[in-house]
Structures are given as structure tokens and as C-alpha cells.
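Notes follow the structure.
The values are calculated or read from the model by the stated rules, or taken from the named source; none is laboratory data. These numbers were taken from a predicted model, which means no experiment stands behind them. Neighbour counts are summed over all protein chains in view; Cβ atoms, including those assigned to glycine, are modelled from backbone coordinates with ideal geometry.
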Amino acid sequence: MNMSRDTVYLAATGTALPGDPVDNAALAKLLGASEEWIDLFVGTRTRHFAWDPATGEVLRTLADLCAEAGSRALAAAGLDPADIEFLVLATATPDHLLPTTATEVADRLGMDHLPVYQLQAGCSGAVQALDLGRCLVAGGRRAGLLIGGDVTHRFLAARRSAARMPTEELVNHVLFGDGAGAVVLTAEPDGPGERGVALRGVLNRCAGRRRPPGQFIDWSGISDRDTERRMLAEDYKAIEEHVPAISVEIVWELLGELGWTVDEVDHILPPQLSGRMTARIMEHLPVPSAAEVSCVTETGNTGNALPFLQLDRLLPRLGPGQRALAVTVESSKWIRAGFALERA
């Protein structure tokens with residue numbers, strides 16, 4: 001685990017969720033599925049789409065959402081775009097391969113002549129962004145903007161009948177949502193916004209050697225646009241089997257490296273695959289007195305946005321001297337990720 005030799009701080013957060021929430025009744029009617037099945041199997045009540053579920057029309061791009069989240073984070077931190085010395089954006093669903101969504105967002109925010117990084121990752125991308133941002137600030141940068149976001153319009157078809165989809169594909173239509181989240185990372189703890197929240201450590205390990213992937217997202221080019229292969233696939237049996245156990249391992253590893261005890265964790269940010277899976281994971285996590293900080297039942301699984309959406313809920317609740325652990329498991333190639341926070 002990368003422990004912070006030079007402490008860096010979370011100054012503020014910002015989020016963007018497109019349109020009105022789509023509840024299970026509306027989604028079930030659209031797909032011709034059972035609302036009760038969605039409630040029972042997934043446990044997610046609402047999600048947001050940046051496209052019109054009735055027509056498939058894309059209403060907002062990933063760059064739109066990421067720029068909005070980034071702008072809100074900057075405003076909350078009391079910083080101008082000129083104060084930012086690097087930008088990192090994590091996503092599994094960029095608007096284009098080139099130019100990167102990260103550079104598009106930097107342009108929209110009025111940022112120029114600074115390093116811009118785009119991380120191609122699943123739900124662990126937000127943690128990877130924190131890891132990279134921590135190193136850049138510790139290396140001399142004063143402030144950076146970290147963004148995570150994903151959109152679904154390339155992978156979820158509007159008005160596709162549930163009767164024509166296998167169960168493992170139907171789950172994707174009720175599991176995922178669109179959104180973006182952002183964090184301003186700084187070298188100093190004082191000033192406006194939510195400063196004083198120290199990033200104490202980051203865990204970021206690929207642990208999938210010789211293990212088959214649990215998630216697969218494809219991309220079509222001009223030569224394979226009419227392919228019959230699925231663009232999005234999940235091994236939910238493997239995810240349900242492995243993620244709870246991996247989450248427990250991540251908590252113990254974070255605690256061990258930090259020298260914290262389970263009783264010293266005040267808040268826990270568990271993995272956010274779905275409402276049902278989050279509840280199952282929470283039953284296993286060895287932090288009985290920690291308050292859960294979750295959002296997936298209201299937002300759906302927004303991929304790289306989720307840890308930042310959780311942080312947006314956490315920071316106002318994190319009192320002086322309190323500590324928090326965040327746990328993320330990316331099933332694509334089984335990435336173990338997490339981070340630790342403490343308010344001064």
C-alpha cells in the first residue's frame with residue numbers, strides 16, 4: 001500500500017447526476033420486466049441516465065457530466081481553474097478514444113498548460129486517481145482536480161424487451177446509471193471548502209493473475225461494428241462469491257498498514273455494485289461501530305463516479321479527529337483498492 005510520507009488533503013467534492021431519477025417502476029415498464037424482481041435481485045431503487053430511455057437519444061455526454069462535477073468541486077474549494085496544476089480523469093466509458101475526455105474537460109473548465117491524465121479503469125479508477133494525485137501533490141504540485149465518471153448509452157439499448165435478454169444481460173439494464181464525481185486534492189489543509197481531511201493511505205493492487213475476468217467491456221471499430229459479441233458482460237456468480245471476501249481482506253490490509261484498530265474507524269465506504277450486494281458486504285466487514293456511507297440505491301452503479309459520490313456524502317459528516325476507510329473491488333481483473341481518511 002502507498003502510505004503518504006507527505007500528507008495531502010481533500011479540499012472539496014462535486015457531483016453531477018443527469019436528469020430526473022428513474023425508479024424501478026418506470027424501468028420495469030420500459031423493459032417489460034418485473035418491478036419486484038428488480039427490487040429483490042438488485043436492491044437499487046433509482047438511477048440516472050444521460051440518455052432518454054424512451055428513444056435512446058443522448059442528452060448529455062461524459063464530458064458534460066465530468067465538467068459539471070469538476071466545476072462544482074472547484075467552487076466548493078474556493079479555487080479558480082488557474083489554481084489547479086494537474087487534472088486526472090478515470091473512466092471506463094470515454095466519449096471518444098481521442099481526444100480524451102480528460103482533455104475535453106480541461107478545456108471546458110478553462111484549464112491550459114497543465115498535465116492532464118486519463119485512466120482507463122472500472123470502479124477502482126477513482127482510487128487510482130487518488131493514488132496518482134497523491135504522488136503529484138507530494139512531488140510538489142499544490143492542487144489538482146480528480147474526476148471519475150461513466151455513462152451507459154453505448155451498452156444499454158433503449159426499449160429492448162426483457163423477454164429477449166438473458167438474465168445476466170438484463171441485470172446490466174437495472175444495475176447501472178450515469179454520473180460523475182470530482183475531488184480537489186491540495187498540499188495544504190487550511191483555507192475554504194472541506195480542507196483538513198488528510199489522505200492517510202491508498203491501496204491499489206491488481207490481484208488477478210491467472211484468474212478469469214469478472215467483468216468485460218468491449219469497444220467496436222469500423223471493422224467489427226456488426227459483431228454479435230456482447231459489449232458488456234459480468235460474471236455475477238464470481239462477483240457474488242469473491243467481492244465480500246476481498247472487501248474484508250482490504251479492510252484488514254488498510255488497518256494493518258495504518259496501525260489503526262477496528263474501533264478507530266468512524267465511517268466505512270463499502271463497494272457499491274448494487275444495493276443488495278452492498279448490504280451483503282456490510283454484513284462481513286469487521287468494523288461494527290463504523291457508520292456506512294453509501295449511495296448506490298439512489299444513484300445506481302455509476303462506476304468511476306461512485307467513490308467520489310460517497311466522498312461527497314462523507315465529508316460533511318466527518319467530524320474532528322474522525323477516521324474513514326473506503327473499499328473498492330474492481331472485478332474486471334480483480335483489482336483490490338481502498339483509501340483511508342482522517343480529519344484533523
Quick one: count up the residues across segment 237-270 that are farther than 16 Å from A337 by Cβ and either among the polar types (S, T, N, Q) or in contact with an Asp or Glu (Cβ under 6 Å, 6 or more places away or on another chain) (or both).
-> 1
Tally of residues being without any contact (Cβ under 8 Å) to a residue 60 or more places away in the chain and among the hydrophobic types (A, V, I, L, M, F, W, C) across segment 260-276 | 3
Out of all the residues in segment 44-66, is one or more under 30 Å from R205 (Cβ atoms) and β-branched (V, I, T)?
-> yes
For segment 54-88, what are the residues that are farther than 15 Å from V184 by Cβ, touching a helix residue (DSSP H, G or I) at 6+ places or on another chain (Cβ under 6 Å) and among the small types (G, A, S)?
-> A63
So is T328 at pLDDT 95 or above, part of a helix (DSSP H, G or I), out of contact with any His (no Cβ under 9 Å at 6 or more places or on another chain) and closer than 18 Å to V243 by Cβ or not?
-> no
Which numbered condition H284 misses (of (1) out of contact with any Pro (no Cβ under 7 Å at 6 or more places or on another chain); (2) more than 23 Å from G125 (Cβ to Cβ)) | (1)
Pairing a residue in segment 295-319 that is at positive phi with any residue that is part of a helix (DSSP H, G or I), where Cβ atoms lie under 7 Å and the two sit 6 or more apart in sequence or on different chains, gives G300/L175
Please specify each residue of segment 286-302 satisfying the condition of being more than 16 Å from the chain's Cα centre (by Cα) and buried (at least 21 other Cβ atoms within 10 Å of the Cβ).
-> V287, A290
From the list L315, L285, pick out the single residue that is outside the structural domain of G122 (by TED's automatic domain parsing) and under 22 Å from R205 (Cα atoms).
-> L285
